[in-house]
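Inspection log for the structure reproduced underneath, given as structure tokens.
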Amino acid sequence: MKFPPVDHKLTGVVVPVFSLRSEKSCGIGEFADLAHLGEWCRQTNLDLIQILPVNDTGYQESPYSALSAFALHPIFMRLEDIPESKDFAGDIAALKKELEPLKRVSFASVLTGKLEILRKIYDSNIKSIRADKAVTGWMKENPWVKNYAVFSTIRRNNLMASWKDWKNFRNPSAKDLDKLWDKYEEDNYFHVWVQYHLEKQLKDSAAKLDSMGISLKGDIPILMNEDSCDVWADRKFFDLSLSAGAPPDMFSTDGQNWGFPVYNWTNLKKDDYSWWRKRLKQAAKFYHAYRIDHVLGFFRIWNIPFHMVTGSMGYFNPSAYISRKDLEDIGFDKGRITWMSRPHVFEHELREKLGAEAESVINICLDRIGNENLFLFNDTYSSEKVIYRSDLSDKAKSVLGEMLKNVTLIPVDDDNFSLSWSFRETRGYESLNQWEKGKIEELSARCGAEAEKIWEENALNLLSFMKNTTDMLVCAEDLGAVPDCVPSVLQKLGILGLKVVRWAREWGQEGDPYTKVSQYPELSVCTPAVHDSTTLRQWWFEEQDKAALAAGLDVQEIPYDQPGEEAVKFFLEALFRSRSAICMIQIQDFFALDSSICDSDIHFERINIPGTVQDVNWSYRMTPTVEKLMKAEKLKESISSLVEIRKNQKITL
């Protein structure tokens, strides 16, 4: 959908679809609820609704772990809006009675219940559904759905196991896919029919929002789950020998390994990026704007060898690397390069750390170098995955895991290396003389400067085709270790960056002061919180230095100790005067303007705690229904008065 022209700064609400609650919903928010939320936005003068990804993730609660880049999640279906559902009104009512009273989303229960009812409806009406020209016509217009349907059927036949564990069809050809469509056509068509209705329901809500003047902003994750239809059926576009993640930082000394394969950009480019273009055009059926998740990955992405578990042994790609010739030119022979690029284990260190177990570890995991008391990891155990899955003691796993990561140079290919993230702390680097260290530092600086140019060119190429593929407004999530070239590239392409108040800092200056909201780039989206952070009320307690925050908000002081209604209003008033073109507020943070609406437990309203697996993640559901929100006059008035601050500030996007 085309993003409409605007003449004032915009304000919107962020809410996952699963968090919505209405009088018609069934245990979870549904696509149809977005239109009702749009009416509330119209009453409060809000301009946008931003949602999290809504693609099919199966029974995985995280919306960032999609099984398909195109298919929508059946869990968001409004069952009674399907024409053939009338005979199953009792089943739908029973499911609502069971699930709707729950305070949080019971994801598996909702999905199982809805799929069972959908299958009953399909089986009872299969002849008329198969004869429905609207469905068959839609399938022809959406060829992606056939591979998705086949994948879903075969996956179900394999008890939801990963395709890597299937006995057959782990790497299907086009002929295999056609044969599987014919063989399981009746079951496959069920998934086509479900996707037809899901798209219809989301498009209907998007059209209603558009008619109200409310824009819908989607979220497009950069990566795909390895166990996805796209990786299974379009293997050439992915590199399964590497997984994506993030380098070590102040929050994680081992970095992050997300477990998602990286793209094979060479093959994507040969195909004129058709997979990505189709993905964006599919999103444009529903959205006026979209958020590019981890836009830094389009500059360069952190590649982690498949055999590693943690993220510390990764490297950026594309990038500038140190060549074997570079190392030879400073006097490193083959032996020195091996010393720097492969982890070495000293026998005395191993015996000191593991005692009696050291002998068995040597026999199982290591190869002795000649007659020396020095070892290399053997081919089998040069892998964190193998080490951590072995029968070794926990202590041995920990010791070997740390020794495995003690390398200065990480091989990118046979002739190129990347300096490890903590190369200055490695045994190889410490063994160098001062002249050699100086030369390594020179190579590091050279690669850093060259990399910035490579990243800039790469992002300009990729983000340009993405921006020009649709009429949607493009917004970028540019959090993390940001290369110097990022702001200028986004500015040049007219892509909005992201400013999260708590993380928008003048890093490197004394005390890392907050960036003043008056200094945010106009081409940006600002927000007090995101789905992976605490809410505004929680953060209020965490941030002890209110004087520093006041300076960032461009106010004299913050005269509140507790995050009550007036304190939240004070904060939002200051934020709404920022230079950012768009200001997005989580619905929970808007609720904090009315103590009768927000939850008494401030911890309940957090959506996700990264790096943890727990029931509270991705299960937040707002307590009031959308219908109740429309009657909450105090809250509506508070939001409307705040939004006026933005509407009086002119801008052109």
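Quick notes on this one:
- Pick from the stretch 70-124, criterion in a loop (DSSP other than H, G, I, E, B) and among the β-branched types (Val, Ile, Thr), ranking: farthest from Met139 (Cα to Cα): Val105
- Selection within the stretch 597-647 - of a type in the set (Lys, Arg) and assigned to a loop (DSSP other than H, G, I, E, B): Arg606, Arg621
- Test set (1) in a loop (DSSP other than H, G, I, E, B); (2) under 30 Å from Leu404 (Cα atoms) - Asp478 fails condition number: (2)
- Conditions (1) free of Cβ contacts under 8 Å to residues at least 60 places away in the same chain; (2) under 26 Å from Thr310 (Cβ atoms); (3) over 18 Å from the mean Cα position of the chain (by Cα); number of the one not met by Leu240: (1)
- Condition check for Val500: free of Cβ contacts under 8 Å to residues at least 40 places away in the same chain, within 21 Å of Ala289 (Cβ to Cβ), β-branched (Val, Ile, Thr) and surrounded by 14 or more Cβ atoms within 10 Å (Cβ to Cβ): yes
- In this entry, Lys114 passes the filter for residues that are at pLDDT 95 or above and within 16 Å of Phe190 (Cα to Cα).
- Restricting Pro559, Pro521, Pro528, Pro563 to residues that are touching a Gly at 6+ places or on another chain (Cβ under 7 Å) and either in the same structural domain as Phe604 (by TED's automatic domain parsing) or farther than 30 Å from Asn468 by Cβ (or both) narrows the list to Pro521.
- Some residue of the stretch 48-69 being within 21 Å of Ile121 (Cα to Cα), in the same structural domain as Phe190 (by TED's automatic domain parsing) and crowded, with 23+ Cβ neighbours inside 10 Å: yes
- If the condition is being in contact (Cβ under 8 Å) with a residue 40 or more places away in the chain, in a helix (DSSP H, G or I) and among the basic types (Lys, Arg), then the stretch 346-405 contributes Lys353, Lys385, Lys395.
- Of all residues in the stretch 459-489, those satisfying the criterion of being free of Cβ contacts under 8 Å to residues at least 40 places away in the same chain and more than 30 Å from Asp545 (Cα to Cα) are Leu460, Asn461, Ser464, Lys467, Asn468, Ser488.
- Test: residue in the stretch 132-142 that is over 20 Å from Glu84 (Cβ atoms), touching a Cys at 6+ places or on another chain (Cβ under 9 Å) and in contact (Cβ under 8 Å) with a residue 40 or more places away in the chain: no
- Considering residues of the stretch 310-327 that are under 21 Å from Ala481 (Cα atoms) and not polar (S, T, N, Q) only, the residue nearest to the chain's Cα centre (by Cα): Gly311
- In the stretch 373-395, residue surrounded by the fewest Cβ atoms within 10 Å (Cβ to Cβ) [restricted to those that are over 28 Å from the mean Cα position of the chain (by Cα) and of a type in the set (Ser, Thr, Tyr)]: Thr380
- Test: residue in the stretch 60-73 that is more than 30 Å from Leu653 (Cβ to Cβ) and over 28 Å from the mean Cα position of the chain (by Cα): no
- Qualifying residues in the stretch 212-268 (those that are polar (S, T, N, Q) and part of a loop (DSSP other than H, G, I, E, B)) - the one surrounded by the most Cβ atoms within 10 Å (Cβ to Cβ): Ser228
- Number of positions in the stretch 352-367 that are of a type outside the set (A, V, I, L, M, F, W, C) and either at pLDDT below 95 or over 15 Å from Asn378 (Cβ atoms) (or both): 5
- Extreme residue, nearest to Arg279 (Cα to Cα), among residues of the stretch 132-171 that are of a type in the set (Gly, Ala, Ser) and surrounded by 12 or more Cβ atoms within 10 Å (Cβ to Cβ): Ala149
The values are calculated or read from the model by the stated rules, or taken from the named source; none is laboratory data. All of these numbers come straight from a predicted model, not from anything done at the bench. Using ideal geometry, Cβ is built from the backbone for each residue, glycine included, and neighbour counts are taken over all protein chains shown.
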